[in-house]
1. Kindly list, by first and then second residue, each pair from a residue in region 163-186 that is over 19 Å from residue 120 (Cβ atoms) and assigned to a loop (DSSP other than H, G, I, E, B) to a residue that is modelled with pLDDT of 95 or more and charged (D, E, K, R), limited to pairs with Cβ atoms under 9 Å and residues at least 6 apart or on different chains.
2. Going residue by residue through region 288-301, is there one that turns out to be crowded, with 19+ Cβ neighbours inside 10 Å, among the aliphatic types (A, V, I, L, M) and not in a helix (DSSP H, G or I)?
3. Determine the pairs where a residue that is crowded, with 17+ Cβ neighbours inside 10 Å, located within region 128-153, has a partner that is among the acidic types (Asp, Glu) with Cβ atoms under 9 Å apart, the partner being 6 or more residues away or on another chain.
4. Being buried (at least 21 other Cβ atoms within 10 Å of the Cβ) and modelled with pLDDT under 95: is that true of residue 221 here?
5. If I filter region 1-36 down to residues being surrounded by fewer than 20 Cβ atoms within 10 Å (Cβ to Cβ) and hydroxyl-bearing (Ser, Thr, Tyr), which single residue comes out as nearest to residue 55 (Cα to Cα)?
6. For the structure I just gave you, tell me whether residue 246 is over 17 Å from residue 39 (Cβ atoms), touching a residue at least 12 places away in the same chain (Cβ under 8 Å), part of a helix (DSSP H, G or I) and among the acidic types (Asp, Glu).
7. Yes or no: region 247-259 includes at least one residue that is under 28 Å from residue 53 (Cα atoms) and buried (at least 20 other Cβ atoms within 10 Å of the Cβ).
8. Only strands (runs of 3 or more DSSP E) wholly contained in region 5-120 count here; list those with 1 or more residues that are under 27 Å from residue 173 (Cα atoms) and among the charged types (D, E, K, R).
Amino acid sequence: MQSRRLGNSGLIVPALGLGTAAWGTGVDAIDAADILGVFADAGGTLLDCAGHYGAGGAEEMVGSLLTRNFRRADFVLATQAGLAPGAKRPINGSRRGMLAALDRSLARLGTDHVDLWQVAAFDAATPLEETLSALDHALSSGRARYAGVARFSGWQLAAAATRQQCTAPKARIVSAGLEYSLLNRSAEAEVLPAATALGVGVLAYAPLGGGVLTGKYRHSTPLESRAARSDDVDRYLNPTARLVVDAVATAADGLGVAPLEVAFAWVRDRPGVAAAVVGTRTAAQLKAVAAAEALTLPEEIRRALDDASGSGPT
């Protein structure tokens, strides 16, 4: 599996990261073990976790697997804190809230440290310096090795990264997690340029557009699909998205590969992207994504996909 440096840090991550957002809810323990086994066998190491995934259930499942079935040292363990959907304070970037969340994550994961600890969302109600001080303390206390942010806008990322770079010793921001796919290129306007300028590696979430870019919704909505169970992919089920999906399918037919391989390879090889993080619900789905390892999109196909998905900064 391809490996890359995460931004300007010394941390090496695979170009394919494994997301666990559905673990404990849509993915049970048996399927999770199968998925992680396929990921490890393929050379994958980057595990994307968060305290708000399944209200902590995903981290508990990861911790159980790393304790019983796998070696913790074989993985780059990343988690997030500061976001709790449905809570009285859904975004909490306070020092107290962040560090308490980290301790809960460590307990659930069954480890004394994470490799990458990320601020899950920008908290406008807390001074940025206070939120960043939690990152500093996590690294100085040994509970985290590297620090990052997620869901930050361009100016928020720039403010956080420059503050951490200007005064030593600080926990440098080495990663920025964001949604990025052929169906959502909004990050190209500000966040990706800021990350590139600041030496911050991008962890691209939802590179398959909630599964829409696999082509499974082209003609109908399968009963077992995510769209049939919830409305979280409805924003992608529109005429504009269909044109993009058709372009991906055409490219896949021409290359003799699956549409999801084309969609994944496009994100993986975008400038500034360190890893594309995919959350699959079965081991078979992960194997299909991992097949894109050998795929490099020809320049003419990349340009065609760029045009079909809407022009944006490159």
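1. Sorted first by the residue in region 163-186, then by its partner, the pairs are 169/136; 170/136; 182/306; 185/306.
2. Looking through region 288-301, at least one residue is crowded, with 19+ Cβ neighbours inside 10 Å, among the aliphatic types (A, V, I, L, M) and not in a helix (DSSP H, G or I).
3. These pairs meet every condition: 131/123; 143/103; 143/112; 144/115; 145/115; 146/115; 147/136; 151/179.
4. In short, no.
5. The residue in question is 25.
6. Values: over 17 Å from residue 39 (Cβ atoms): yes; touching a residue at least 12 places away in the same chain (Cβ under 8 Å): yes; part of a helix (DSSP H, G or I): yes; among the acidic types (Asp, Glu): yes.
The answer is yes for residue 246.
7. The answer is yes, given that some residue of region 247-259 is under 28 Å from residue 53 (Cα atoms) and buried (at least 20 other Cβ atoms within 10 Å of the Cβ).
8. The strands (runs of 3 or more DSSP E) meeting that bar are 46-48, 114-119.
The values are calculated or read from the model by the stated rules, or taken from the named source; none is laboratory data. Since we're looking at a predicted model, the values are computed, not measured. A quick note on method: Cβ atoms are made from the backbone with ideal geometry, for glycine too, and the neighbour counts reach across all protein chains shown.
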